[in-house]
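Q: Right, I'll just put the structure down here and ask away after.
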Amino acid sequence: MAQFTTQVATSIEQSQQLIELGVKPETADLVYRCTKSKTDSLEWKLQLCPPSLEAIDNNDFPAWSLVRLLELLPYEIPCDRSNVLHHPELIKYETGYNFSVCRYTVDCFAGTHIENSPFDSCVSMIKWLIAKGYFSKEYLSNTD
């Protein structure tokens, strides 16, 4: 039987990328809590996010589940042609995952590189959406 290595939330590095892109930490549904280990190095414990981020310590990191990342993506994305809308699609390949923005499977106008995990693909897609102005401003910290 195959060995499963299921990732349940963004890594701390992926969370940092999302925050640097301007994604509001309040949109996270999980948090990495900072704990001290016996060797004085930081260790992390993943927990459900409290209803208010005020309860999060400065050393803690917000984290996003895959479901939450998918919820942040727009349902429809306009393209160059009038009255034509595309949809983001997460595609699984033997070598990894990617997001495409398609009207139909064969009518794609954008896509991410094939990534190792669906989390990496989501972060790449969010980066692309922000750059193109398609990501919802309500989920962004800097909406000036």
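Quick note: the coordinates plus some simple rules give every number you see, no bench work behind them. These numbers were taken from a predicted model, which means no experiment stands behind them.
Q: Using a Cα-Cα cut-off of under 19 Å, which lysines could be cross-linked to Lys45, ignoring same-chain neighbours fewer than 8 residues away?
A: Result set, ordered by chain and number: Lys36.
Q: Here is a follow-up. Can you pick out the pairs among Lys24/Lys132; Lys24/Lys127; Lys92/Lys127; Lys92/Lys137 whose Cα atoms lie more than 23 Å from each other?
A: On the way: Lys24/Lys132 18 Å; Lys24/Lys127 14 Å; Lys92/Lys127 19 Å; Lys92/Lys137 28 Å.
In this structure, Lys92/Lys137 lie more than 23 Å apart at Cα.
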